[in-house]
Amino acid sequence: MSMRSKERHARLLEALNAGEIDVDDLARRFDVSASTVRRDLQHLSKNNAVRRTYGGAILTAHANETTLEQRLAVQGKQKQAIARAAIDLIEDGDTLILDAGSTVAAFGRLLQQRRLRIITNNLALLPFLAKAPTLELVVLGGALRATSMSTMGPLANEALRRMTADRAVMSADGVVNGRGLCEADLEQVALKSLMMQHSKEVIVLADASKLGRAEQMAWAPLPPRWTLVTDVGASEEQCKRLADAGARVIVAGRLLSRHRNCSRDRRKISTEAGLR
């Protein structure tokens, strides 16, 4: 199976988490033919992931969540670009909180040559961060969440309450203006809220497909001022709406100030910055 097919299958499962969606709607969303969507749904139904309906499909189980491996296959180039752009926001000597998630994992892998203190529940990053001699690493214990390879729950929350950080680098299933970060689990958002409360600055890494997405039921409110790093797939309307609400938006190498439209701001931030 090609990487493009794997990515589309993962995105189909995420879309179906919101309920039944018809073939034509899915074809428009993913910019493919209806016959391609039907073939994808047929493949997923053979694996018992979805059940076909007249004109569409539904999940065989309630709100199946994609795994970390599946999410790594989605928007891979965009996530790498976001990670490289976000590196320029970090200063040596910082204390960082790193959230779980595939985009934060891509970001964390670029930190191995930096001098930082890192607090994280992102277990997927440990094999990379543990080898870096200039990093001080603090791992939050707690219950294992296998789908995201992370920890959460009362133990993680209690440990984090005893620490503060310069910056929290966050992920999300969705980012919605006025509501915050969308996730599948209440314990996830409880820990995310603490991460943001215990940091001087909040940086959210989210590709364009996450903007405005509200398919899950749990929410972590964002602070009045925060930074979003996204990719060039984000529309001007999405960028402006977030910027007008108080976000600083960085889009694939250009900076959007609070009152500027995406297309008007051409100041470049090298996506290679931070690889030093």
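Overview of results
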{"read-out": "Long-range amide H partners of Val138 with built H, under 5 Å", "value": "Ile118, Ile119, Thr120"}
{"read-out": "P(r) weight above 23 Å for segment 140-228, C-alpha pairs, percent", "value": "18 percent"}
{"read-out": "Table column - 3J(HN,Hα) (Hz), segment 135-146, Karplus curve with 6.51, -1.76, 1.60, x for Gly and Pro", "value": "9, 9, 10, 10, 9, 7, x, x, 6, 6, 10, 5"}
{"read-out": "Accessible area in square angstrom per residue, segment 78-208, 1.4 angstrom probe", "value": "37 Å²"}
{"read-out": "Two-site FRET efficiency, Arg115 against Glu215, from Cβ-Cβ distance with R₀ of 41 Å, rounded to 0.05", "value": "0.60"}
{"read-out": "Ellipsoid semi-axes in whole angstrom, largest first, where each is sqrt(5λ) of the Cα gyration tensor of segment 70-227", "value": "21, 18, 15"}
{"read-out": "Order of exposure, largest accessible area first, which applies to His9, His198 with probe 1.4 Å", "value": "His198, His9"}
{"read-out": "Solvent-accessible area of Met170 with every protein chain in place, 1.4 Å probe, in Å² to the nearest 10", "value": "0 Å²"}
{"read-out": "Solvent-accessible ranking of Phe107, Phe128, Phe30, largest area first, probe 1.4 Å", "value": "Phe128, Phe30, Phe107"}
{"read-out": "Accessible surface, 1.4 Å probe, highest first, among residues Asp207, Asp92", "value": "Asp92, Asp207"}
{"read-out": "Amide H contacts of Ala168 (H built 1.01 Å from N, under 5 Å, at least 5 apart or other chain)", "value": "Ile97, Glu201, Val202, Ile203"}
{"read-out": "Contact order relative to length of segment 146-201, as percent, for alpha carbon pairs under 8 angstrom and 6 or more apart", "value": "45 percent"}
{"read-out": "Proximal charge balance of Pro221 [Cβ under 11 Å; K/R count +1, D/E count -1]", "value": "+2"}
{"read-out": "Extension gain from Asp244 to Lys131, taking 0.36 nm per residue of separation minus the Cα-Cα distance", "value": "36.6 nm"}
{"read-out": "Long-range HN-HN contacts of Arg248 with modeled amide H, under 5 Å", "value": "Trp226, Thr227, Leu228"}
{"read-out": "Cβ-defined net charge surrounding Arg109, 13 Å radius [Lys, Arg +1; Asp, Glu -1]", "value": "+4"}
{"read-out": "Difference of contour (0.36 nm per residue) and Cα-Cα distance, His198 to Arg225", "value": "8.3 nm"}
{"read-out": "Local electrostatic count at Lys200 - Lys and Arg +1, Asp and Glu -1, tallied over other residues with Cβ under 9 Å", "value": "-1"}
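The values are calculated or read from the model by the stated rules, or taken from the named source; none is laboratory data. What you are looking at is a predicted structure, and each value in this text was computed from that prediction instead of being measured. Please note: Cβ atoms are built from the backbone with ideal geometry, for glycine as well, and neighbour counts cover all protein chains shown. Quick note on the areas: whole protein, heavy atoms, side chains included, nothing else; ligands and nucleic acids left out. Shrake-Rupley method; radii C 1.70, N 1.55, O 1.52, S 1.80 Å.
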